[in-house]
Amino acid sequence: MPQEPVPAAYRIFIVEDDPTIAESVAEQARLWAMDARCAKDFRNVMAEFAAFSPHLVVLDISLPFFNGYHWCTEIRRVSRAPILFLSSASDNMNIVMAMNMGGDDFIAKPFDRNVLMAKLQALLRRAYDFGAAMPVLEHRGAILDTADNSLSCNGSRVELSKNEYRILLALMEAKGKVVSREKLMERLWETDSFIDDNTLTVNVNRLRKKLDAAGLPDFIATRFGVGYLIP
């Protein structure tokens, strides 16, 4: 069955004339619950910008007809949306010029897609102060969508019970920190899931098996006598 689309939260406008790079960025952004659109008319980028009204722009420097600095200036006339420059022209002069023209960050080609997404998330948090309201949590390729309580990994959807989802959500929210068994049971009790210590163990073990099967071995670590964490 085809995977259900992830609900979009932020609109990302990609102004990049290499269609392979542009679509690669768009596909990665969609995995992070973003609505991504690539520019088509490089003579009139602002018309597409206005029609889409993006939260953030990914902008190349070398473009047909007008360069990225021109479009950055035009965007800044009408919008304060963050602009992330993405370019192989990554010498200090171009980086400084990009920032002086109104850019918010710069990433050099070739680039790591995970680094790019981390930068986009950071710019969105700073610009819109959504912080904890981000609808998607990600770690090691596991994407937990809080909008529809779903987990996906490597393009496949992993079916979780309500309790398994709530346990994973609590652990991913506290990523890198130990969550005590008592805290996990309190989270489940808040949702009318009255479970005891043994039932929690059963739920965690089932969740681990599903994560293992999805290609995420050792995703949840145990701190004996304390609780669990996602390292």
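The values are calculated or read from the model by the stated rules, or taken from the named source; none is laboratory data. It should be emphasised that the depicted structure is a prediction, and the values quoted were computed from it without experimental measurement. Cβ sites come from the backbone with ideal geometry, for glycine too, and all protein chains shown count toward neighbours.
Give me the pairs: first residue in region 177-194 and in the same structural domain as residue 221 (by TED's automatic domain parsing), second residue assigned to a loop (DSSP other than H, G, I, E, B) and at pLDDT below 85, beta-carbon distance under 6 Å, and six or more apart or on different chains, which are they?
As it stands, the answer is 188/195, since those pairs meet every condition given.
Quick test of your reading of the structure: residue 86 fulfils all but one of (1) under 26 Å from residue 118 (Cβ atoms); (2) free of Cβ contacts under 8 Å to residues at least 60 places away in the same chain. Name the failing condition by number.
(2)
Do you know which of the residues in region 65-109 that are in a strand (DSSP E or B) and either in contact with a Ser or Thr (Cβ under 6 Å, 6 or more places away or on another chain) or among the acidic types (Asp, Glu) (or both) is farthest from residue 22 (Cα to Cα)?
Out of the qualifying residues, it is 105.
Could you check, for region 177-193, whether at least one of its residues is touching a strand residue (DSSP E or B) at 6+ places or on another chain (Cβ under 8 Å), of a type in the set (Gly, Ala, Ser) and farther than 26 Å from residue 31 by Cβ?
Checked against the condition, which is being touching a strand residue (DSSP E or B) at 6+ places or on another chain (Cβ under 8 Å), of a type in the set (Gly, Ala, Ser) and farther than 26 Å from residue 31 by Cβ, region 177-193 yields at least one hit.
What are the residues in region 63-102 that are of a type in the set (S, T, N, Q) and out of contact with any strand residue (DSSP E or B) (no Cβ under 6 Å at 6 or more places or on another chain), if any?
67, 73, 79, 87, 88, 92, 94, 100, listed by residue number.
Return the residue satisfying two criteria in turn: it lies in region 131-183 and is of a type in the set (Gly, Ala, Ser) and assigned to a strand (DSSP E or B), and of such residues it is modelled with the lowest pLDDT.
Checked region 131-183; the qualifying residue modelled with the lowest pLDDT is 156.
Considering only region 27-41, state which residues are surrounded by fewer than 20 Cβ atoms within 10 Å (Cβ to Cβ), free of Cβ contacts under 8 Å to residues at least 40 places away in the same chain and either more than 19 Å from residue 67 (Cβ to Cβ) or touching a strand residue (DSSP E or B) at 6+ places or on another chain (Cβ under 8 Å) (or both).
Listed by number, the residues that qualify are 27, 30, 35, 37, 38.
Within region 205-231, track down each residue that is assigned to a loop (DSSP other than H, G, I, E, B) and exposed (fewer than 13 other Cβ atoms within 10 Å of the Cβ).
Those that are assigned to a loop (DSSP other than H, G, I, E, B) and exposed (fewer than 13 other Cβ atoms within 10 Å of the Cβ): 217, 218, 224, 225, 226, 231.
With the structure loaded, tell me whether residue 224 is modelled with pLDDT of 90 or more, more than 19 Å from residue 153 (Cβ to Cβ), assigned by TED's automatic domain parsing to the domain that holds residue 146 and of a type outside the set (Gly, Ala, Ser) or whether it fails that test.
The answer is yes for residue 224.
List the number of the failed condition for residue 83; all other conditions in (1) surrounded by fewer than 19 Cβ atoms within 10 Å (Cβ to Cβ); (2) aliphatic (A, V, I, L, M); (3) over 24 Å from residue 144 (Cα atoms) hold.
The one condition residue 83 does not meet is (1).
If you scan region 31-46, which residues turn out to be farther than 13 Å from residue 10 by Cβ, of a type in the set (D, E, K, R) and either touching a helix residue (DSSP H, G or I) at 6+ places or on another chain (Cβ under 9 Å) or not in a loop (DSSP other than H, G, I, E, B) (or both)?
If the condition is that a residue be farther than 13 Å from residue 10 by Cβ, of a type in the set (D, E, K, R) and either touching a helix residue (DSSP H, G or I) at 6+ places or on another chain (Cβ under 9 Å) or not in a loop (DSSP other than H, G, I, E, B) (or both), then 40, 41 are the ones that fit.
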